[in-house]
1. Could you check the simple spin-label distance between His211 and Lys321, using points 7 Å along Cα→Cβ, in nm with one decimal?
2. Going from the alpha-carbon gyration tensor of the chain, what semi-axes, largest first and in whole Å, does one get by taking the root of 5 times each eigenvalue?
3. Longest span of the chain, sites excluded, free of GluC sites (Glu not before Pro) in DSSP loop with at most 11 other C-beta atoms within 10 Å?
4. Which FRET efficiency value, to the nearest 0.05, do you get for Glu341 and Leu193 by plugging their Cβ-Cβ distance into 1/(1 + (r/R0)^6) with R0 = 45 Å?
5. Between Ser4 and Lys47, 0.36 nm times their residue separation minus their Cα-Cα distance comes to what?
6. Once the Cα gyration tensor of the range 32-113 is found, what semi-axes does its equivalent ellipsoid get, as square roots of 5 times the eigenvalues, in whole Å, sorted largest first?
7. Would you mind checking which residues have amide H under 5 Å from Ala69's amide H? H placed 1.01 Å from N; only 5 or more apart, or other chain.
8. Would you calculate the convex hull of the Cα atoms in the range 276-369 and tell me its volume per residue in Å³?
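Every read-out reported here was derived from the displayed coordinates using simple, explicitly stated rules and does not represent laboratory data. The structure displayed is predicted, hence computed values, not measured ones. Glycine also receives a Cβ, built like all others from the backbone with ideal geometry; neighbour counts cover every protein chain displayed.
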Amino acid sequence: MSRSQLSFEEVSTKYPEFPRLIMLKTDIHRRGVFYTEKALETVDVTKHQLGGTHIFGTRDGKLTQRPEAFILRDGTSVLSTPTPLEDNPYIVDRIDGKLVLTDEGKVLEEVFFWDKPDFYDQKTSSGALMQNIVSARPQRLYLIPNRYCHFWSDDSGCRFCDIVNNLKQQKDEIDMQSKIKAKDVKETIKEALKEPGRFTAICITSGSDFHGKDPFDKEVDYYIEILQAIGENFATEKFPSQLICSALTKEQLKRLYDETGITSVTMDIEVLDERLFGEICPGKAKWVGYDAWKQRLVDAVEIFGRGRVNTGIVSGVELAKHYGFTSEEEALSATLAEAEELASKGVSTVNMVWVPRPNTHLAGQKNASLEYYVRLALGLQALRRKYDLPIDFDDYRRCGNHPDSDLARAF
């Protein structure tokens, strides 16, 4: 920890309104986690949910199957990003027969690995392993139909992103396919829904595809195919769902809404600053542009409704060296100002903690301080309260990846 940064205890004391376990989860995402051999020996492959099929890679660059996530004693879900010891991560260890989270040799909390859904080890009629078709978050099913992002075809992908490099690694090591078939999706969702009460929503995310008569038409066509296959498992016209996609036009969004059961949409802008958007997300800047991206988010509100549209930011990249703001205060002020403009028009902003991964353009950098992430999360949640924007489709129960939407439990 830098001498200029407050320790966890200092931040906790300074912001007593911020729940301690959510703050701890935020710092785990910020620093990463390392599993000791004793901790890994407790993993039961017949019971616990392991990683290995995620859309992004790990901080240590290894695909070895390790726990996908763990839960703290209040039910807070922590997605784990295995991190080398030399980078000073939190450590999950087994002490006195319990799995515990430690830091500098001090036991902080008992942790519990996620239980694996019943459908994970089953196969579809085509022979595909169902856990490679659909994975699970706390209370939602999570699909990645297309694992290739076409922005990388000319090296214009987002500078923090390793989606294509991770796909290559998965194809080599676990025979992961870049695109999945609608029939396999239908069969897997059908099987997953046999576990009563386990899942309350479905989320779909993929790499961008700008091909088609109009840019992203091909992406829209594929989403419609997948969503219609999912919809065959429901008797209702609509089902609780979130689509994370490229910034689509009003016409494309209308097609999605009218032809499928989708109920909410997220179009991740990644960074809330026009200049940094061009530097850090060159593909998105080229094919859509910053102002157009924001306008398409606002247009989506007309179709899906207030509180059913959001955008994600990879918080911390706005401070990346050679690109970003030089002070956290300046970055926070600028980000929250842009987020408020969107909130006033019915669009929520959620933040993911930036994980500097090795196979990216920003490898080797450090993310922001814990205090920065705490202040940002408080600011984003306050905007949702101010503008009366619910976040139930992307909250702590369904996603578990956003420090700010975790706060919906307490505020």
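1. 3.9
2. On the way: eigenvalues 176, 146, 85 Å².
They are 30, 27, 21 Å, listed largest first.
3. Working: sites that count: Glu17, Glu104, Glu237.
Longest run free of exposed loop sites: 238-411.
4. On the way: r = 39 Å, r/R0 = 0.87.
Working from the Cβ atoms, E equals 0.70.
5. Numbers: separation 43, 0.36 × 43 = 15.48 nm, distance 4.30 nm.
Taking Ser4 through Lys47 to full extension adds about 11.2 nm, to one decimal.
6. Details: eigenvalues 67, 48, 29 Å².
In descending order the semi-axes read 18, 16, 12 Å.
7. Those qualifying (amide H under 5 Å, at least 5 residues apart or on another chain) are Ser80, Trp114.
8. Working: hull volume 9.8 nm³, N = 94.
In the range 276-369, the Cα convex hull volume per residue is 104 Å³.
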